[in-house]
Amino acid sequence: MANIKDYAIVTLGSHTALQILKGAKDEGFKTICVCVKGKERPYKSYGVADEFIFVDSFKNFFEIEQQLIDRNAIMIPHGSFVSYLGWKKVQDIKMMHYGTKGILEWESDRNKERIWLGDAGLKQPRIFATPEEINCPVIIKFHGAKGGFGYFIANSTAEFYERIQNYPGDEGYVIQEYIVGVPVYSHYFYSPVTKELEVMGFDKRYESNADSIGRIAAKDQLDAGIRTSYTITGNMPLVIRESILPQVFEMGERVIEESRKLIDYKSGQPLTKGLYGPFCLEAILDPDLNFYVFEISARIVAGTNPYINGSPYTWLRYNEPMSTGRRVARDIKQAIEQDRLEEILG
Ligand code: ATP
């Protein structure tokens with residue numbers, strides 16, 4: 001039987017690396033942290049990595065890829081990995097990679113993502129092709145606006161034109177219906193080994209300054225000329241009404257089914273393995289309990305970080321601490337032990 005001792009789990013020292021490496025260690029794997037020089041402190045302090053490989057920048061990943069291949073390492077991609085390399089470069093990775101690489105193009109492109117979610121039958125905020133069509137509150141999202149910095153809200157065409165003047169930008173933007181409701185980020189895991197979809201947990205984000213504006217009176221907000229920004233600073237755990245759970249499972253299932261029909265950029269063929277491993281649907285839940293999904297992340301999200309010791313939902317299923325990082329490692333472990341490693345590499 002293949003032995004997990006012959007493999008190592010690696011990720012970049014950022015984003016969700018602590019839980020990925022800790023989870024891999026708990027499952028019995030050797031762990032490697034690829035770290036930017038000077039950023040290793042948390043990974044050393046928490047003792048999650050057996051080995052460090054240093055780079056000047058994550059963009060130099062390809063310089064050290066061969067070292068990882070030599071160690072029989074399996075890469076667990078996370079948000080920083082995809083963001084530093086870009087979905088296109090990820091396609092060129094030769095080392096073992098957990099997850100379908102071709103899916104990353106679909107999650108990284110707002111238009112493609114919309115087609116995917118739409119075909120899966122999910123409700124999404126409306127998009128307005130031109131400012132003239134604005135007939136409800138809208139949120140203007142600039143492309144490449146890291147962490148939602150500089151987004152603004154407008155209630156009419158006139159207000160849109162007034163406010164857009166403050167943005168010099170050559171950058172494109174999208175005008176999206178503003179959904180009044182609460183943000184709910186649903187964390188999923190789909191295992192190709194067990195063929196089962198799991199709901200791992202939920203979070204809401206802690207964003208500066210959006211989450212602080214309500215602490216001062218509306219008049220003071222206006223006087224201070226505060227502009228809303230959504231810079232993510234952390235994540236807060238959340239449990240949702242139990243009666244909504246069936247809807248959450250259905251949404252996840254439909255997204256997975258649809259993902260198997262998406263076309264791979266490289267081969268021009270459907271991505272038959274589809275989406276698997278951890279993923280997240282980012283939605284606003286309105287007062288009628290409709291989920292309006294505005295984004296999908298086809299990899300582990302930082303919102304799972306509060307659950308390094310497991311979430312209320314993983315506790316129900318596992319009776320042992322089960323972070324999303326550990327769940328990934330367990331999937332890999334089971335695949336190795338059942339001689340099915342190919343099924344989980346993409
Ligand atoms: P990215 O990952 O692309 O940088 P993000 O995950 O930070 O983006 P955004 O889509 O940029 O998320 O949204 C930023 C914030 O705006 C979040 O708090 C989200 O809840 C809120 N938001 C996004 N779209 C809408 C919408 N259509 N209606 C209401 N609120 C929204």
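Numbers at a glance
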read-out	value
Candidates K94, K141, K123, filtered to the one that is in a loop (DSSP other than H, G, I, E, B), touching a Phe, Trp or Tyr at 6+ places or on another chain (Cβ under 6 Å) and either at negative phi or of a type in the set (G, A, S) (or both)	K123
Identity of the residue in the stretch 97-120, of a type in the set (D, E, K, R) and assigned to a helix (DSSP H, G or I), that ends up farthest from S14 (Cα to Cα)	D119
Within the stretch 128-150, considering residues that are among the hydrophobic types (A, V, I, L, M, F, W, C) and closer than 22 Å to E207 by Cβ, the one modelled with the lowest pLDDT	A145
Scan of the stretch 6-22 for residues that are under 20 Å from E65 (Cα atoms) and either among the hydrophobic types (A, V, I, L, M, F, W, C) or assigned to a helix (DSSP H, G or I) (or both), ordered by number	D6, A8, I9, V10, L12, A17, I20, L21
Top-ranked residue of the stretch 168-210 - restricted to ones that are more than 16 Å from the ligand (Cβ to nearest atom) and among the aliphatic types (A, V, I, L, M), ranked as nearest to T304 (Cα to Cα)	M200
Identity of the residue in the stretch 268-289, out of contact with any helix residue (DSSP H, G or I) (no Cβ under 9 Å at 6 or more places or on another chain) and in contact (Cβ under 8 Å) with a residue 40 or more places away in the chain, that ends up nearest to R205 (Cα to Cα)	I284
Any hit, the stretch 237-247, residues being touching an Asp or Glu at 6+ places or on another chain (Cβ under 7 Å) and at pLDDT 95 or above	yes
Residues (charged (D, E, K, R) and either loosely packed, with under 14 Cβ neighbours inside 10 Å or modelled with pLDDT under 95 (or both)) located in the stretch 160-179	E162, R163, D170, E171
The stretch 73-110: number of residues that are in contact with a Lys or Arg (Cβ under 9 Å, 6 or more places away or on another chain) and aliphatic (A, V, I, L, M)	8
Filter pass, K261 being within 30 Å of E320 (Cα to Cα) and either basic (K, R) or touching a residue at least 24 places away in the same chain (Cβ under 8 Å) (or both)	no
Qualifying residues in the stretch 285-300 (those that are in a strand (DSSP E or B) and in contact with a Pro (Cβ under 6 Å, 6 or more places away or on another chain)) - the one nearest to the ligand (Cβ to nearest atom)	F294
Residue match in the stretch 116-133 (condition: touching a Cys at 6+ places or on another chain (Cβ under 9 Å) and near the ligand (Cβ under 10 Å from one of its atoms))	yes
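The values are calculated or read from the model by the stated rules, or taken from the named source; none is laboratory data. Given the structure is predicted, the values throughout are model-derived calculations rather than measurements. So basically every Cβ, Gly included, is an ideal-geometry build from the backbone, and we count neighbours across all protein chains shown.
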